[in-house]
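Report on the structure given below.
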Amino acid sequence: MNNSRVIFVPGLSPKPTAEVYRAQLLRVLLASLERARPRAASLLAARPQTFVLVAWTHLFYGMDRDISLDLAGIDRLLTREASAEDRREIASWSRRLNLLARIVGDAVPLLGRLANSTIRAQLADVIRYQRDLFGIGTRIRALLRDALESAWAAGARVLLIGHSLGSVICYDTLWDLSREQGADPRVDLFMTLGSPLATHVIRRGLRGTNERGVDAYPRNIARWVNLTARADTTALHPRLESRFREMIELGLVGSIEDYVDLENCFRGAYGLNTHEAYGYFFQRTLAEIVGEFIERG
């Protein structure tokens with residue numbers, strides 16, 4: 001673990017203060033590793049500073065969220081198995097119809113603009129980031145760039161995890177860096193959680209989207225793993241390998257692996273949230289992959 005760094009980039013919506021949020025994410029990750037890879041849990045617990053949070057949402061929203069809204073849900077996640085009620089809700093027709101409506105709205109922008117206020121607010125945030133309004137996108141990517149360059153300067157192997165829009169921030173930052181520095185240094189493992197990278201609205205604004213061939217993609221990812229939970233309405237197109245297969249064909253990444261149909265049963269202050277980062281961190285699939293990375297040092 002001495003020569004590894006795990007860097008996490010969260011998604012949209014205000015988050016708790018950076019120190020408090022990082023502590024709870026690390027708590028969940030350690031519990032997840034303890035179930036699947038106890039040795040990795042011990043290694044990370046001994047060097048917790050190697051888990052790095054790139055906190056950007058306060059910069060974007062000018063506010064933090066109360067951590068008390070998360071705590072009961074985290075406790076439930078760590079101490080209880082998914083219930084039959086959770087599974088029924090994930091499979092419910094209301095959630096299926098919501099997902100379908102979002103897919104149609106993504107494919108037909110006019111219908112997307114007729115969506116409910118929550119979806120419209122999310123789209124407005126995405127546009128604000130992707131159009132770099134008042135330089136906000138550039139400032140956010142600079143935070144991740146600093147974390148990556150610090151890790152590379154220390155000679156560390158890097159596992160970069162992006163959740164939701166955080167996966168887009170990661171992708172864009174890696175594209176920027178690869179234009180300047182070529183394929184090296186690189187991210188040894190890029191992990192995306194609940195990622196919207198395959199949606200039309202995101203693809204139109206990705207860095208490199210107007211380029212062709214190798215110039216269209218980052219050149220500094222060794223391996224890419226994507227995790228998507230069932231009924232996650234942000235990851236409308238759950239598989240990324242088919243969308244980014246050209247990266248493999250061009251030799252820009254060794255592999256892109258999709259793990260879909262995961263069960264994210266995080267239930268917080270506002271009910272069941274199949275997109276929540278805590279729930280993704282508690283996935284056994286994630287723990288196995290992250291644990292293997294940590295144990296390799």
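Computed from the coordinates by the stated procedures, all read-outs in this text should not be read as laboratory data. Computed from a predicted structure; not experimentally measured. Note that we place each Cβ from the backbone using ideal geometry, even for glycine, and neighbour counts take in every protein chain shown.
Based on the Cβ-Cβ distance of residue 64 and residue 128, what FRET efficiency does E = 1/(1 + (r/R0)^6) give at R0 = 30 Å, to the nearest 0.05? Result of the calculation: an efficiency of 0.95.
Under a point-charge model restricted to the Cβ atoms of Lys and Arg (+1) and Asp and Glu (-1), what is the dipole moment magnitude of segment 4-295 relative to its Cα centre, in debye to the nearest 20?
Details: 38 positive and 34 negative charges, 81 e Å.
The calculated dipole for segment 4-295 is roughly 380 debye.
For the chain, the membrane-span-like helices by this rule, meaning whole DSSP H stretches whose C-alpha atoms cover at least 15 Å of axis and whose Kyte-Doolittle mean is -0.5 or above, are 18-36, 68-79, 93-107, 117-130, 136-153, 165-181, 284-295; this says nothing about an actual membrane. The label-point distance for residue 92 and residue 139, in a model that sets each label 7 Å from Cα toward Cβ, rounds to 3.9 nm.
Summary value for segment 4-295: 25 percent relative contact order, contacts being C-alpha pairs under 8 angstrom separated by 6+ residues.
Based on alpha-carbon atoms only, what is the radius of gyration of the chain relative to the globular estimate 2.2 N^0.38 Å? Display every interim value, and only then the final one.
Values: Rg = 18.2 Å, N = 297, 2.2 N^0.38 = 19.1 Å.
Cα-based Rg divided by the globular estimate yields 0.95.
In what sequence, highest mean first, do 87-93, 222-228 appear when ranked by Cβ atoms within 10 angstrom?
Numbers: 87-93: 12.7, 222-228: 22.3.
Order by mean packing, descending: 222-228, 87-93.
Could you work out the helix-only [θ] at 222 nm for the chain, with each DSSP H run of four or more residues adding -39,500 (n - 2.57) and the total divided by the number of residues, to the nearest 500 deg cm²/dmol? Show your work: numbers first, answer last.
Working: 14 runs with 146 residues, N = 297.
Roughly -14500 deg cm²/dmol at 222 nm, from the helical runs in the chain.
Ordering 213, 171, 201 by Cα displacement along the dipole of segment 157-223 toward the positive end leaves 201 in first place; charges were set at the Cβ atoms of Lys, Arg (+1) and Asp, Glu (-1).
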